[in-house]
Amino acid sequence: MRGKILRRRFLKTGGLAVGSAFLMSCEQQEEEVKPVAAGGTLKVVNYDESKVPSYTLPNPLVMASGQRVTSARMWVEKRRPQLLKLFQTYEYGRSPGRPRGMTFHVISADMNALGGKAIRKQVLINFTGKKDGPRMTLLMYLPKGAPGPLPMFLGLNFDGNQTVAADPGIIINPGWVAEGWGVIDHRATDASRGDAACRWQVEKILARGYGLATAYYGDIEPDYNGGIHSSVRSLYLRPRQSEPAPDEWGAIGAWAWGLSRAMDCLETDKNVDPRRVAVMGHSRLGKTALWAGAQDTRFAMVISNDSGEGGAALSRRWFGETVKSINTHFPWWFCGNFKKFNNDVNALPVDQHELIALIAPRPVYIATAADDLWADPTGMFLAAKAAAPVYQLLGTDGLGATKMPGIDQPVTTTIGFHLRCGPHNVTAYDWEQFLNFADVHMKAS
Ligand code: GTR
């Protein structure tokens with residue numbers, strides 16, 4: 001329940017605070033609290049561009065020693081591993097690799113799904129191969145009759161695979177899900193089928209010649225404080241260890257790990273082209289998609305929608321959500337060390353433009369929404385822009401905009417970007433841009 005309620009509550013409170021101009025420094029801001037209707041408290045948020053204090057971003061092309069990165073080779077061999085280690089140590093935590101004994105079993109296949117437009121497969125991924133071990137179900141749709149192997153979008157969903165399309169053949173997730181439409185006592189019912197269909201646009205994706213693979217993020221870790229004990233993370237706790245060490249993975253690390261396990265599975269499917277898999281996610285799962293793509297270079301493309309703080313938005317920019325706020329409200333998302341920067345974000349050895357840079361030279365698309373100020377659309381654009389020198393060093397065109405593009409004016413250079421009109425969500429418009437971007441950068445095998 002917690003995950004969904006918090007998600008909704010914060011969107012609301014973030015919205016209520018829009019327009020509040022508070023003349024104060026960052027330090028003062030952290031001390032201030034403002035009561036909200038839901039009965040909780042919300043740190044005062046800055047939504048006033050003129051109040052953003054100046055900040056200096058770390059240069060992705062300068063080594064920790066101060067030495068400049070002057071070649072693609074130096075980036076790949078020296079700076080990239082250094083940055084990856086910093087993100088692991090201070091923000092998302094270290095994750096384990098592929099577990100031994102993992103198994104994939106196709107538990108359902110339909111060659112005539114969605115009125116004959118699709119092939120639908122459901123694959124049980126058993127992470128340890130043990131009978132009672134943790135598992136996730138990967139739902140796959142492939143366009144029927146399209147010449148394969150096919151390019152794919154892969155993303156985690158919030159409420160169970162059955163919410164992705166109103167397709168009676170999708171297995172209803174039997175585990176804990178957040179309260180919401182068609183959910184009774186944290187168990188999904190038939191009524192939840194297709195509840196998130198507008199966020200997935202399955203038919204549109206298939207009609208454009210792409211497949212879609214998705215799994216429920218709660219199969220990897222349910223999204224609440226203490227969810228670790230029903231998470232794959234608990235498999236890796238050492239005897240007498242009840243919490244991960246300060247540099248070990250949080251829930252975002254676990255969800256990203258799950259995406260890599262889904263990729264392990266896709267690699268075994270003859271209908272899928274594993275060199276053309278785009279990892280996609282929205283909001284907290286947009287943060288997850290970036291972290292998955294940064295670590296796992298098998299993902300050919302990364303699409304991050306409204307990812308905000310801890311995603312594509314610059315942490316050092318005081319606008320919308322802050323590091324302190326996210327660590328306070330969602331302490332299980334990041335690693336323990338990240339909390340050390342709650343009151344001194346400028347001491348963070350990295351910032352989010354360097355997360356984007358870790359994906360280079362692979363195409364990355366940063367989608368934002370004009371009313372989603374909590375996620376700081378400008379901060380996401382500035383991060384994309386500050387990642388561009390790395391993309392250019394690696395021989396790509398970087399980001400084809402020097403100023404924030406207008407509403408609904410997508411940019412489709414190797415770093416892609418758009419500012420959609422409207423609120424925090426994934427819409428048909430967003431998917432059209434993701435598909436256009438994929439057509440430019442991933443269509444040809
Ligand atoms: C918000 C959170 C954001 C974003 C969002 C979501 O409450 O503050 O960072 O991730 O939830 O995932 O829906």
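Would you check if residue 351 is touching a Leu at 6+ places or on another chain (Cβ under 9 Å), of a type in the set (D, E, K, R) and either surrounded by 17 or more Cβ atoms within 10 Å (Cβ to Cβ) or farther than 25 Å from residue 222 by Cα (or both)? Against the criterion (touching a Leu at 6+ places or on another chain (Cβ under 9 Å), of a type in the set (D, E, K, R) and either surrounded by 17 or more Cβ atoms within 10 Å (Cβ to Cβ) or farther than 25 Å from residue 222 by Cα (or both)), residue 351 qualifies. For region 391-406, the condition holds for no residue, the condition being that it is more than 25 Å from residue 295 (Cβ to Cβ), crowded, with 19+ Cβ neighbours inside 10 Å, under 22 Å from the mean Cα position of the chain (by Cα) and at pLDDT 95 or above.
Condition check for residue 345 on (1) closer than 25 Å to residue 81 by Cα; (2) among the β-branched types (Val, Ile, Thr); (3) more than 16 Å from the ligand (Cβ to nearest atom): one failure, at (3). Within region 198-217, the set of residues being in contact with a strand residue (DSSP E or B) (Cβ under 9 Å, 6 or more places away or on another chain) and either assigned to a helix (DSSP H, G or I) or free of Cβ contacts under 8 Å to residues at least 40 places away in the same chain (or both) comprises 199, 200, 202, 203, 205, 206, 207, 217.
Taken together, the residues in region 407-445 that are modelled with pLDDT under 95 and among the hydroxyl-bearing types (Ser, Thr, Tyr) amount to 1. Residues in region 314-340 that are surrounded by fewer than 20 Cβ atoms within 10 Å (Cβ to Cβ) and away from the ligand (no atom under 16 Å from the Cβ) were compared, and the one that is farthest from residue 292 (Cα to Cα) is 340. In the set 293, 310, 281, 286, only one residue is modelled with pLDDT of 95 or more, assigned to a strand (DSSP E or B) and under 17 Å from the mean Cα position of the chain (by Cα); that residue is 281. For region 218-249, filtered to residues that are in a loop (DSSP other than H, G, I, E, B) and in contact with a Ser or Thr (Cβ under 8 Å, 6 or more places away or on another chain), the residue that is most open to solvent (accessible area, probe 1.4 Å) is 247. Considering each residue of region 259-278 in turn, none proves to be over 13 Å from the mean Cα position of the chain (by Cα), within 14 Å of the ligand (Cβ to nearest atom) and either surrounded by 24 or more Cβ atoms within 10 Å (Cβ to Cβ) or of a type in the set (Asp, Glu) (or both). Within region 282-339, the set of residues being within 17 Å of residue 434 (Cβ to Cβ) and small (Gly, Ala, Ser) comprises 283, 286, 289, 292, 293, 300, 304, 307, 311, 312.
Residue count for region 202-215, restricted to those that are of a type outside the set (Ser, Thr, Tyr), farther than 14 Å from residue 436 by Cα and open to solvent by less than 40 Å² (accessible area, probe 1.4 Å): 5. Cβ separations smaller than 7 Å between residues 6+ apart or across chains give the following pairs from region 321-332 residues that are over 16 Å from residue 227 (Cα atoms) to residues that are among the small types (Gly, Ala, Ser) and more than 10 Å from the ligand (Cβ to nearest atom): 323/315. I'd like to know if region 356-376 contains one or more residues that are touching a residue at least 60 places away in the same chain (Cβ under 8 Å), farther than 30 Å from residue 393 by Cβ and part of a helix (DSSP H, G or I). Yes: region 356-376 contains one or more residues that are touching a residue at least 60 places away in the same chain (Cβ under 8 Å), farther than 30 Å from residue 393 by Cβ and part of a helix (DSSP H, G or I).
Note on region 169-182: residues that are open to solvent by less than 50 Å² (accessible area, probe 1.4 Å), without any contact (Cβ under 8 Å) to a residue 40 or more places away in the chain and within 24 Å of the chain's Cα centre (by Cα) total 1.
For the criterion of being of a type outside the set (D, E, K, R), open to solvent by 10 Å² or more (accessible area, probe 1.4 Å) and in contact with a helix residue (DSSP H, G or I) (Cβ under 7 Å, 6 or more places away or on another chain), residue 441 fails.
Number of residues in region 296-307 that are more than 10 Å from the ligand (Cβ to nearest atom) and either part of a loop (DSSP other than H, G, I, E, B) or surrounded by fewer than 24 Cβ atoms within 10 Å (Cβ to Cβ) (or both): the value is 5.
The values are calculated or read from the model by the stated rules, or taken from the named source; none is laboratory data. Quick caveat, the model's predicted, so the values are computed rather than measured. So basically every Cβ, Gly included, is an ideal-geometry build from the backbone, and we count neighbours across all protein chains shown. To get the accessible areas, we keep the full protein, side chains included, count just its heavy atoms, and leave off ligands, DNA and RNA. Shrake-Rupley method; radii C 1.70, N 1.55, O 1.52, S 1.80 Å.
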